[in-house]
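A quick write-up on the structure given underneath.
Readers should treat all values here as calculations from the given coordinates under stated rules, not as data from a laboratory. Remember, predicted model here, so these are calculated numbers, not experimental data. As a convention, Cβ positions derive from the backbone with ideal geometry for all residues, glycine included, and neighbour counts pool all protein chains shown.
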Amino acid sequence: MRPAVFAEWSQQFKRVVELAATGKIGEARHAFCQIDGDALKYWFHYTAQYAGSQRTGALASNGSQTTSPVREKRAARTPSKRTCLELLARDNWACRYCGSPLLHGDDFRSLRGKMGETVFPAGRTNLATHGAKFVFLATFDHVLPHSLGGGTDAGNIVSSCHACNFGKDGFTLDELGLDYPAGDRFAPDQRWLRAVHALRTK
Ligand SMILES: [Zn+2]
């Protein structure tokens, strides 16, 4: 689904976190600049976030309903911060669909602060922000979409990158022809887990 070079950038992002967590900010910044943020954000903006619709060819089906969720439902849709951290730990700080390394929002912002606005811009729109957001900032996906009755409980929620979550949209796995994102699909990367822990506790 995603260009092969993304695997290299995932490894590079892990290295960035490792360096930043040990105070090697200059090296971390240099490593971060090797990730092509423009390629990531254009891929997300023009391709990945519409992947579900393109895959089913059904723009007008239920998938479009969740692109503008009813505001009062947000509280029920979104797990608490504590639950999010538990889900990330359960999922080895990686996207359950694609294996991309993920940071919790607090840690993502902390890393962005260390990298600085120049190399890690944080604009309000997709195209004004660094593309790292769309593959390395954790979101939480309802495997059975919330709009179709899927619950906000650990059994129905998986850690997910933006690209997989928003690409999947309000479609079911069956509609998209996707396998269930099993918890053992990707082996835990112990080095990445140590880097995340070091960043979180620094
Ligand atoms: Zn993903």
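Computed quantities for the displayed model
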read-out: Hits in region 164-181 (condition: without any contact (Cβ under 8 Å) to a residue 60 or more places away in the chain and aliphatic (A, V, I, L, M)); value: L173
read-out: Hits in region 113-155 - residues which are without any contact (Cβ under 8 Å) to a residue 12 or more places away in the chain and assigned to a helix (DSSP H, G or I); value: G113, A128
read-out: Within region 100-131, tally of residues that are surrounded by fewer than 18 Cβ atoms within 10 Å (Cβ to Cβ) and within 11 Å of the ligand (Cβ to nearest atom); value: 0
read-out: Looking only at region 43-60, and only at residues there that are surrounded by 14 or more Cβ atoms within 10 Å (Cβ to Cβ) and either touching a Leu at 6+ places or on another chain (Cβ under 8 Å) or free of Cβ contacts under 8 Å to residues at least 12 places away in the same chain (or both), the one that is farthest from L199 (Cα to Cα); value: T56
read-out: Residue count, region 161-178 (criterion: part of a loop (DSSP other than H, G, I, E, B), in contact with a helix residue (DSSP H, G or I) (Cβ under 7 Å, 6 or more places away or on another chain) and within 14 Å of the ligand (Cβ to nearest atom)); value: 2
read-out: Single residue of F134, F186, F140 found to be within 20 Å of A7 (Cα to Cα), in contact with a strand residue (DSSP E or B) (Cβ under 8 Å, 6 or more places away or on another chain) and within 16 Å of the ligand (Cβ to nearest atom); value: F186
read-out: Residue check for A195: among the aliphatic types (A, V, I, L, M), in contact with a Phe, Trp or Tyr (Cβ under 6 Å, 6 or more places away or on another chain) and within 30 Å of A20 (Cα to Cα); value: no
